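Enquirer: The structure is given below, and queries will be raised subsequently.
Just so it is clear, none of the values below were taken in a lab; they were calculated from the coordinates. What you are looking at is a predicted structure, and each value in this text was computed from that prediction instead of being measured. All Cβ positions, even for glycine, are placed from backbone atoms using ideal geometry, and neighbour counts span all protein chains on display.
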2 protein chains.
Amino acid sequence: MSDDFIALGPGKVDLLQSINKVGSISEAARQGQISYRRAWDMVNAMNHCFKKPLVESVTGGKGGGGAALTPLGKKVIEIYRDMEKKASQSIQEEWKFLKKQLK
Amino acid sequence: MSDDFIALGPGKVDLLQSINKVGSISEAARQGQISYRRAWDMVNAMNHCFKKPLVESVTGGKGGGGAALTPLGKKVIEIYRDMEKKASQSIQEEWKFLKKQLK
């Protein structure tokens, strides 16, 4: 994929959030309707771009292991969602003007 | 294209700006390294989504006619660039944090 080395974006953050919720990359891929391969590529890209990994594998447990977010992974979700909120709030005025011009 | 009916985005605003500069959709397409067909589709999508067109054709003149932005087209560029600037400024703090975490 062309975005293999893009550290972060909306799709990657959604994936992080899903992995955090379901504890598995394959299940997160299934729920997000992307291929397992694609989800792995996204996780690898993130882990590659950041100084410390955002996702780590977890061994043992009921399902025989899975994936979990590292503290940095969780922090990155939080920061990213904050950025979305702040960016969106900062352009309310312009967005209202544009909306009025749309059919 | 899947984004035929997306009113606006970075590619479309770049195209508007280029049309405004060069006065021609085909020349703007060439300079932006997209096909003439793709540029036309983008212009049509914008004109379709807004209440009034952003781009209009111009007849006569040296080259035998071309394209020009309407006042709304020019305003939309301005608003969009303002949005980019404001959004970017609003997330400086988070962005600095993220950058520190990147390799």
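Enquirer: Within chain A, list the chymotrypsin sites (Phe, Trp or Tyr not before Pro) lying in a DSSP loop whose Cβ has at most 11 other Cβ atoms in a 10 Å radius. Before the final figure, lay out each step's value.
Expert: Working: sites: A:PHE5, A:TYR36, A:TRP40, A:PHE50, A:TYR80, A:TRP95, A:PHE97; in loops: A:PHE5.
Passing sites in chain A are A:PHE5.
Enquirer: While we're here: Estimate the FRET efficiency between B:ASP41 and B:ASP82 by the formula 1/(1 + (r/R0)^6), using the beta-carbon distance for r and 30 Å for R0, to the nearest 0.05.
Expert: On the way: r = 26 Å, r/R0 = 0.87.
The calculated FRET efficiency here is 0.70.
Enquirer: Return the long-range amide H neighbours of B:VAL55 (sequence gap of 5 or more, or a different chain), with a cut-off of under 5 Å between placed amide H atoms.
Expert: Answer set, sorted by chain and number: B:THR70.
Enquirer: Is the range A:10-101 best put as rounded, prolate or oblate by its Cα gyration tensor, with a ≥ b ≥ c the root eigenvalues, rounded for a/c under 1.5, and otherwise prolate when a/b is larger than b/c, oblate when not?
Expert: Prolate is the answer for the range A:10-101, as a/c is 1.5 or above and a/b outweighs b/c.
Enquirer: Using only Cα atoms, find the angle between the long axis of helix B:36-49 and the longest principal axis of chain B, and express it within 0 to 90 degrees, rounded to the nearest 10.
Expert: 80
Enquirer: Now a separate question. Mind listing the long-range amide H neighbours of A:SER24? Cut-off is under 5 Å, sequence gap 5 or more, other chains count too, H placed in the peptide plane at 1.01 Å from N.
Expert: The list, which skips near neighbours in sequence, is A:ALA67.
Enquirer: At A:LYS75, label 7 Å along Cα→Cβ: distances to the other copies, nm, ascending?
Expert: 4.5
Enquirer: Can you figure out the FRET efficiency of A:LYS100 with A:LYS75, using R₀ = 35 Å and their beta-carbon distance, to the nearest 0.05?
Expert: 0.40
Enquirer: Is there a simple number for the mean count of other chain Cβ atoms within 10 Å of the Cβ of residues in A:72-78, and what is it?
Expert: 1
Enquirer: Moving on. Could you work out which residue, out of A:ILE25, A:ILE77, A:ILE34, moves most in a Gaussian network model of chain A, that is, has the largest mean-square fluctuation with Cα springs under 10 Å?
Expert: Evaluated over chain A, the most mobile residue of the options is A:ILE34.
Enquirer: 5 Å is the cut-off here: which amide hydrogens, built 1.01 Å from N in the peptide plane, fall below it relative to B:PHE50, excluding neighbours closer than 5 in sequence?
Expert: Excluding prolines and chain starts, which carry no amide H, the hits are A:LYS103.
Enquirer: With θ set to phi - 60°, apply the Karplus curve 6.51 cos²θ - 1.76 cosθ + 1.60 along the range A:8-25 and write out the HN-Hα couplings as whole Hz, x wherever there is a Gly or Pro.
Expert: Along the range A:8-25, the couplings run 7, x, x, x, 5, 5, 4, 5, 4, 4, 5, 4, 4, 7, 9, x, 7, 5 Hz.
Enquirer: How much mean residue ellipticity at 222 nm does the protein assembly as shown get from its helices, if each DSSP H run of length 4 or more adds -39500 (n - 2.57) and you divide by all residues, to the nearest 500 deg cm²/dmol?
Expert: So the helix-based figure for the protein assembly as shown works out to -19500 deg cm²/dmol.
Enquirer: Using the Karplus curve 6.51 cos²θ - 1.76 cosθ + 1.60 with θ = phi - 60°, what ³J(HN,Hα) values do you get for each residue of the range A:84-91, in whole Hz, with x for Gly and Pro?
Expert: Each residue of the range A:84-91 in turn: 4, 5, 5, 4, 5, 5, 5, 10 Hz.
Enquirer: Straight-line reach only, C-alpha to C-alpha below 20 angstrom: list the aspartates and glutamates that A:LYS74 could link to, leaving out same-chain residues fewer than 8 apart.
Expert: A:ASP14, A:GLU27, A:ASP41, A:GLU56, A:ASP82, A:GLU84, B:GLU93, B:GLU94
Enquirer: Do any of A:LYS12/A:LYS85; B:LYS75/B:LYS96; B:LYS75/B:LYS100; A:LYS86/B:LYS103 go past 28 Å between their Cα atoms, and which?
Expert: Table pairs above 28 Å Cα-Cα are B:LYS75/B:LYS96; B:LYS75/B:LYS100.
Enquirer: How high is the relative contact order of the range B:10-101? Use alpha-carbon pairs under 8 Å, at least six apart in sequence, and give a whole percent.
Expert: 25
Enquirer: Report, for B:GLN92, each distance to the same residue's label point in the other copies, shortest first and in nm; define the point 7 Å along Cα→Cβ.
Expert: For B:GLN92, the other copies' label points sit at 2.1 nm, shortest first.
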